[in-house]
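Undergrad: So that we are looking at the same thing, I have put the structure below in structure tokens.
The values are calculated or read from the model by the stated rules, or taken from the named source; none is laboratory data. All of these numbers come straight from a predicted model, not from anything done at the bench. Neighbour counts run over all protein chains shown; Cβ positions are idealised from the backbone, glycine included. Remember, those area values only see protein heavy atoms, side chains included, never the ligands or the DNA or RNA. Shrake-Rupley method; radii C 1.70, N 1.55, O 1.52, S 1.80 Å.
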Amino acid sequence: MLLDVDKLAIEYDPDPQEWDLMLDVTSEQIGRFTEEVVSEIRDACLEVCKRRSYRIHWLAVREVLPDVGPDWRNQIRDQLGGKRPTNHARRARRLPPRYVEDYLSFTNQGELTVYRALKQIQEKDLPREDTIGIYPLAGGRIPGRTWEPDVLVTYRGRAGVLEIDGPHHNTRRALDTTRDHLLRDAGVGFVDRIPVEALENPTELTATLRRFLRRLGEVK
């Protein structure tokens, strides 16, 4: 759940003269941080602070409004005119979208690169009667949490998920595996990962995506 924290802040409380660790959480996530959950996070963080001799004596969660940025007027005009991103893109909308294509938002260049490669396959390689659907950041609910897969792909009556690995992947392999199992239990036919190295090699990326679609099409 700490991955859903918008930002951290260390603040001085003059009354008890102690330092507090504040977890800033956006409105759509605040409901998940119940007192029981916050208590568990607090106990773990305070234990770490004690062992590391950090002068943090309390932890709390607070709701924050998203940053709208200096071009908020243009964003509102686009939304009123129907020119707004149509995917959920919760993470992308915390700040003015930087990566946008086809009125869809992306959180980083890697997601946009994968989307463009999938779109190339969709428009150039596959016939219209046997094509794919591409849904970036298609937010949804799986047991225990809400989640936004990097890309949800539909093909031949099946749904698959593509996740883009970053440099942090090896340290989060157990978490990734657990999430993959939850997605499959929830009806996702196939889950695959794109190594960050493939993003820099168009040939390798296309081969990876074609292999993903072939395996997705074979799922029973």
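Undergrad: Show the residue pairs meeting these rules: Cβ distance below 9 Å; 6+ apart or different chains; first residue within the range 8-36 and assigned to a loop (DSSP other than H, G, I, E, B); second residue open to solvent by 60 Å² or more (accessible area, probe 1.4 Å) and of a type in the set (A, V, I, L, M, F, W, C).
TA: Pairs found: PRO16/TRP58; ARG32/MET1; PHE33/MET1.
Undergrad: Just the residues that are loosely packed, with under 15 Cβ neighbours inside 10 Å and assigned to a helix (DSSP H, G or I), please, taken from the range 95-115.
TA: The answer is GLN109, and nothing else.
Undergrad: Using the structure shown, decide if LEU21 is at pLDDT below 85 and either out of contact with any His (no Cβ under 6 Å at 6 or more places or on another chain) or over 29 Å from PRO143 (Cα atoms) (or both).
TA: Numbers: at pLDDT below 85: no; either out of contact with any His (no Cβ under 6 Å at 6 or more places or on another chain) or over 29 Å from PRO143 (Cα atoms) (or both): yes.
Criteria not met by LEU21.
Undergrad: Which of (1) at pLDDT below 85; (2) open to solvent by 60 Å² or more (accessible area, probe 1.4 Å) does GLU129 not meet, given it meets every other one?
TA: Result: GLU129 fails condition (1) only.
Undergrad: Is one or more of the residues making up the range 193-203 surrounded by 12 or more Cβ atoms within 10 Å (Cβ to Cβ), modelled with pLDDT of 85 or more, under 20 Å from TYR115 (Cα atoms) and among the hydroxyl-bearing types (Ser, Thr, Tyr)?
TA: no
Undergrad: Count, please, the residues in the range 94-118 that happen to be among the basic types (Lys, Arg), out of contact with any strand residue (DSSP E or B) (no Cβ under 7 Å at 6 or more places or on another chain) and modelled with pLDDT under 65. Break it down stepwise before answering.
TA: Looking only at the range 94-118, we keep the residues that are among the basic types (Lys, Arg), and these are 94, 98, 116.
Subset that is out of contact with any strand residue (DSSP E or B) (no Cβ under 7 Å at 6 or more places or on another chain): 98, 116.
Retained after the next criterion (residues that are modelled with pLDDT under 65): none.
So the count comes out to 0.
Undergrad: Within the bounds of the range 52-60, is there any residue that is over 21 Å from the mean Cα position of the chain (by Cα), farther than 25 Å from TRP147 by Cα, polar (S, T, N, Q) and open to solvent by 50 Å² or more (accessible area, probe 1.4 Å)?
TA: yes
Undergrad: So, one more: Determine if the range 156-169 includes at least one residue that is outside any loop (DSSP other than H, G, I, E, B) and modelled with pLDDT under 90. Let's see the steps before the verdict.
TA: Taking the range 156-169 first, the residues outside any loop (DSSP other than H, G, I, E, B) are 158-164, 169.
Restricting the remaining residues to those that are modelled with pLDDT under 90 gives 164, 169.
Yes, because at least one residue in the range 156-169 is outside any loop (DSSP other than H, G, I, E, B) and modelled with pLDDT under 90.
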